[in-house]
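What follows is a structure written as structure tokens; I'll ask about it next.
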Amino acid sequence: MRLLLVDDEVRFARALAAGLVDDGFVVDLAHDGNTGLAMARNGSYDVVVLDIMLPGLSGYRIVQALRADRNWVPVLMLSAKDGEYDQADGLDVGADDYLVKPFSYVVLLARLRALLRRGVRARPVKLSVGDLTLDPATRQTMRGDQGIDLTAREFALLEYLMRRPGEVVSKTELLDHVWDAAADTDPNVVEVYVGYLRRKIDAPFGRQTLSTVRGAGYRVVDDRG
């Protein structure tokens, strides 16, 4: 497996790379953010291990740039920044995992194996269907450049549907994942909330993104034609 390691602590990076090579990885090194981003964009890597505090361009900015390019290479952030918000920010901008220095080498290998098992698949930070976008981290929903205010339940319902664009999602599945499956919830509540959503995300804009598939469920589609 080919791995890109981006870290400005040269001696640390070389020592870590030597260990990874011994464990079967092909390792390329970069010691600043701009070089790391260029290599990640142009190389065919199976995984990227990335520090946050880098000369030129931070690890956060590198991940954001890769995801904006729709480059879904798995990224593990490896940083001495151990605050809970540092870790949350790293994951929210598009990293797949975060490990704090100093770390266990055995744990690092296990996490790399876990990332490699998942493979490369699309996992955008923001969800979009046409010009409708939803950001799970900031809890913002936009139609074009216009914000839409949603309740927590409306947001959860729309998020679940937008994670499966074009797919028909049954009322039962929505009850299980958006409402408490163990609660005695009236199935008609799904129809009620779909109606609420349509009045917020579609009706004011003359759109039909959220549709009903009779007898099957609901789906969101790009209706711009």
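Can you give the Kirkwood hydrodynamic radius for segment 148-225, in Å, rounded to one decimal and based on Cα pairs?
This gives a value of 12.7 Å.
Given the rule -39500 (n - 2.57) for each run of at least 4 DSSP H residues, summed and divided by the residues of the chain, what is its mean residue ellipticity at 222 nm, to the nearest 500 deg cm²/dmol?
Mean residue ellipticity, 222 nm, calculated: -11500 deg cm²/dmol.
Counting residues in segment 7-119 as N, plug N into 2.2 N^0.38 Å and put the Cα Rg over that result. Before the final figure, lay out each step's value.
Details: Rg = 12.8 Å, N = 113, 2.2 N^0.38 = 13.3 Å.
Segment 7-119 yields a ratio of 0.97.
A further question on this structure: What residues have an amide H closer than 5 Å to that of Leu50, excluding those fewer than 5 places away on the same chain, when H is modeled at 1.01 Å from N in the peptide plane?
Val6, Leu76, Met77, Leu78
Related question: Heavy-atom accessible area per residue, segment 1-129, 1.4 Å probe: how many Å²? Kindly include the intermediate steps, with their values, before the conclusion.
On the way: 6410 Å² over 129 residues.
About 50 Å² of surface per residue is accessible.
Could you name the lysines in cross-link range of Lys126, using Cα to Cα under 20 Å and dropping any fewer than eight places away on the same chain?
Lys200
Mind listing the phi-derived Karplus ³J(HN,Hα) values for segment 4-18, rounded to whole Hz, using 6.51, -1.76 and 1.60 with θ = phi - 60°, and x for any glycine or proline?
Whole-Hz 3J(HN,Hα) from phi for segment 4-18: 9, 10, 10, 7, 8, 7, 4, 5, 4, 4, 5, 5, 5, 4, 4.
Also, I was wondering about something else. Over the chain, with every protein chain in place, what whole percent of the accessible area is carbon and sulfur at 1.4 Å, could you tell me? Don't skip to the answer; put the middle values down first.
On the way: 5640 of 11770 Å².
Carbon with sulfur: 48 percent of the solvent-accessible area.
Another one. Using label points projected 7 Å from each Cα along Cα→Cβ, tell me how many nm separate Asp145 and Val26, to one decimal.
Each label point is offset 7 Å from its Cα along the Cβ direction, giving 4.5 nm.
When ligands, DNA and RNA are left out and all protein chains stay put, how many square angstrom of accessible area per residue does segment 171-224 have with a 1.4 Å probe? Intermediate results must be reported in sequence, preceding the final value.
Values: 3250 Å² over 54 residues.
Per residue, segment 171-224 has an accessible area of 60 Å².
Could you order peptides 167-177, 148-158 by the average number of other Cβ atoms within 10 Å of their residues, highest first?
Numbers: 167-177: 15.4, 148-158: 17.0.
Highest mean packing first, the order is 148-158, 167-177.
What ranking do 123-134, 21-32 get when scored by the average of other Cβ atoms within 10 Å per residue, highest first? Intermediate results must be reported in sequence, preceding the final value.
Working: 123-134: 17.4, 21-32: 15.2.
By packing density, highest mean first, the sequence is 123-134, 21-32.
Same structure, new question: Using θ = phi - 60° and the Karplus curve 6.51 cos²θ - 1.76 cosθ + 1.60, what whole-Hz ³J(HN,Hα) does each residue of segment 98-109 get, with Gly and Pro shown as x?
Result, ordered by residue: 9, 10, 8, 7, x, 9, 7, 4, 4, 5, 4, 4 Hz.
Rank Gly195, Leu175, Ala137 by how far each Cα sits towards the positive end of the charge dipole of segment 120-197 (+1 on Lys, Arg Cβ; -1 on Asp, Glu Cβ) and give me just the farthest.
With unit charges placed on the Cβ atoms, the residue in question is Ala137.
For the chain, what log10 I(q)/I(0) values come out of the Debye formula at q = 0.09, 0.15, 0.17 1/Å, with one point per alpha carbon and no solvent?
Evaluating at q = 0.09, 0.15, 0.17 Å⁻¹ gives log10 I(q)/I(0) of -0.48, -0.96, -1.09.
Hey, another quick one. Can you tell me what share of the DSSP beta bridges in the chain is antiparallel? A percent to the nearest 5 is fine. Don't skip to the end; give the middle numbers.
Working: 15 of 31 bridges.
Percentage antiparallel, nearest 5: 50.
I would also like to ask the following. At q = 0.16 Å⁻¹, what is the base-10 log of I(q)/I(0) for segment 86-176 according to the Debye formula with one equal point scatterer per Cα and no solvent? Please give it to two decimals.
Once normalised to I(0) and log-transformed, intensities are -0.83.
Taking only the alpha carbons of segment 1-41, what extent do you get along each of the three principal axes, in Å, biggest first?
Projected onto its principal axes, the Cα set of segment 1-41 covers 28, 22, 6 Å.
Sticking with this one: Extension gain Ser128-Ala88, at 0.36 nm per residue separation less the Cα-Cα distance, in nm?
In short, 12.2 nm is gained.
The values are calculated or read from the model by the stated rules, or taken from the named source; none is laboratory data. What you are looking at is a predicted structure, and each value in this text was computed from that prediction instead of being measured. All Cβ positions, glycine included, derive from the backbone under ideal geometry; neighbour counts span all protein chains shown. Each accessible area value is taken on the protein alone, full model and side chains, heavy atoms only, with ligands, DNA and RNA left out. Shrake-Rupley method; radii C 1.70, N 1.55, O 1.52, S 1.80 Å.
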